[in-house]
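Scroll down for the structure; my scribbles are underneath it.
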Amino acid sequence: MSRSMSLIQPGERHEEVLSFLERRKSVPLTQFRGPGPDDAMLRRLLAIAARAPDHGRLEPWRFVIYRPDDGARIGDALAALVAARDPETSADDLERERNRLRRAPVAIGVVSTAGSHERIPEWEQFLSAGAVAMNLVTAATAAGFAVNWVTGWYSDDAEGRAILGLAPHERMAAVVHIGDYDTPIPDRPRPDLDALISHYEGPYDGSA
């Protein structure tokens, strides 16, 4: 097959993909099961995730793979951090910290490595990492896995980010949990689209 024939053609429509996107939903972490994706499937999902909008082809993101054993070490460190900051933290809350990254067979950290650039602002680079994360969520869901994007307080905390393996200049755009599930998942209420849509009426005039 030639390169041109392998691409989506102008006007080509994939109704099954649109239907899938209309039905996509997250699976609660309490319903995650093993075994989750094998190494080959995980690499395929990450390759799909990396096909994201990326102004300037900077690749301002990277992936960190967390397995349950990693999650146990991270959880212990997070619990210790929380306890050090607040010695009155309850045993239940400390256990919640220990379980943060071990509820799924695998969790993927999508790390923004955005930095100063002469043309491309850092916020735009960070948005690219968000697009990577959403690609990963969509691809893993399409592959039949349980998926949930739950980042957590520790992703926006300097000490928490260090525990997760991030350098000081990096930020955690997403932690995408991936596993299996065996229970139907009800949908949740969706936004009122009409309340979110407006039509351009000229420059902002200072009103609401």
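The values are calculated or read from the model by the stated rules, or taken from the named source; none is laboratory data. What you are looking at is a predicted structure, and each value in this text was computed from that prediction instead of being measured. Methodologically, a virtual Cβ is constructed for each residue, glycine included, from the backbone with ideal geometry; neighbour enumeration extends over all protein chains shown. SASA here: full protein model, heavy atoms, side chains in, ligands and nucleic acids out. Shrake-Rupley method; radii C 1.70, N 1.55, O 1.52, S 1.80 Å.
When a/c is below 1.5 the answer is rounded, else prolate if a/b is larger than b/c, else oblate, so apply that to region 152-207 with a ≥ b ≥ c taken from the square roots of the Cα gyration tensor eigenvalues.
Cα axes put region 152-207 in the oblate bin.
Taking the Cα centre as origin and putting +1 on Lys and Arg beta-carbons and -1 on Asp and Glu beta-carbons, what dipole magnitude results for the chain, to the nearest 20 debye?
The dipole of the chain has a size of about 720 debye.
Report the gain in length on full extension from L58 to L196: 0.36 nm times residue separation, minus Cα-Cα distance, nm rounded to one decimal.
Full-extension gain reported as 46.5 nm.
Show me 50-58, 75-83, 160-168 ranked by packing, highest mean number of other Cβ atoms within 10 Å first.
Highest-to-lowest ranking by the protection proxy: 75-83, 160-168, 50-58.
So how much slack lies between A83 and D39, counting 0.36 nm per residue of separation and subtracting their Cα-Cα distance, in nm?
Residue separation times 0.36 nm, minus the Cα-Cα distance, leaves 12.3 nm.
Just check region 20-139 against the gyration tensor rule for me: Cα atoms, a ≥ b ≥ c as the square roots of the eigenvalues, rounded for a/c under 1.5, and otherwise prolate or oblate depending on whether a/b exceeds b/c.
oblate
Arranged from highest to lowest average of other beta-carbon atoms within 10 Å per residue, in what order do the peptides 186-197, 61-72, 138-149 appear?
138-149, 61-72, 186-197
With a 1.4 Å probe and all protein chains left in place, how much accessible area per residue does region 102-201 have, in Å²?
Each residue of region 102-201 exposes 54 Å² on average to a 1.4 Å probe.
So, in nm, how far is label R119 from label R51 when the simple model puts each one 7 Å beyond its Cα toward the Cβ?
According to this spin-label approximation, the distance is 2.5 nm.
Starting from a Cα-only point model with no solvent, please compute log10 I(q)/I(0) by Debye for region 61-127 at q = 0.16 1/Å.
Log10 of I(q)/I(0), two decimals: -0.68.
Could you tell me how many cubic angstrom of Cα convex hull volume the chain has per residue?
219 Å³
Could you pull out every whole DSSP H run in the chain that spans at least 24 Å of Cα extent along its own axis and averages 0.0 or higher on the Kyte-Doolittle scale?
TM-like helix candidates: 68-85, 122-142.
Ignoring any ligand, DNA or RNA, what whole percent of the accessible area of the chain comes from carbon and sulfur when the probe is 1.4 angstrom?
That share works out to 54 percent.
Looking at region 9-52, which GluC sites (Glu not before Pro) are in a loop (DSSP not H, G, I, E or B) and have at most 10 other Cβ atoms within 10 Å?
Of the GluC sites (Glu not before Pro), the ones in loops of region 9-52 whose Cβ has at most 10 other Cβ atoms within 10 Å are E12.
When only the heavy atoms of the protein chains count and the probe is 1.4 Å, how do F32, F20, F126 rank by accessible area, highest first?
Largest accessible area first, the list is F126, F20, F32.
State the Cα centre-to-centre distance between region 25-48 and region 133-208 in whole Å.
Distance between centres, Cα-based: 16 Å.
Which value, in nm² and rounded to one decimal, describes the direction-averaged projected area of the C-alpha convex hull of region 16-85?
Over all viewing directions, region 16-85 projects a mean Cα-hull area of 8.3 nm².
Is the shape of region 84-202 best called rounded, prolate or oblate, per the rule: a/c under 1.5 gives rounded, else a/b larger than b/c gives prolate, else oblate, with a ≥ b ≥ c the square roots of the Cα gyration tensor eigenvalues?
Because a/c hits 1.5 or more and a/b fails to exceed b/c, region 84-202 counts as oblate.
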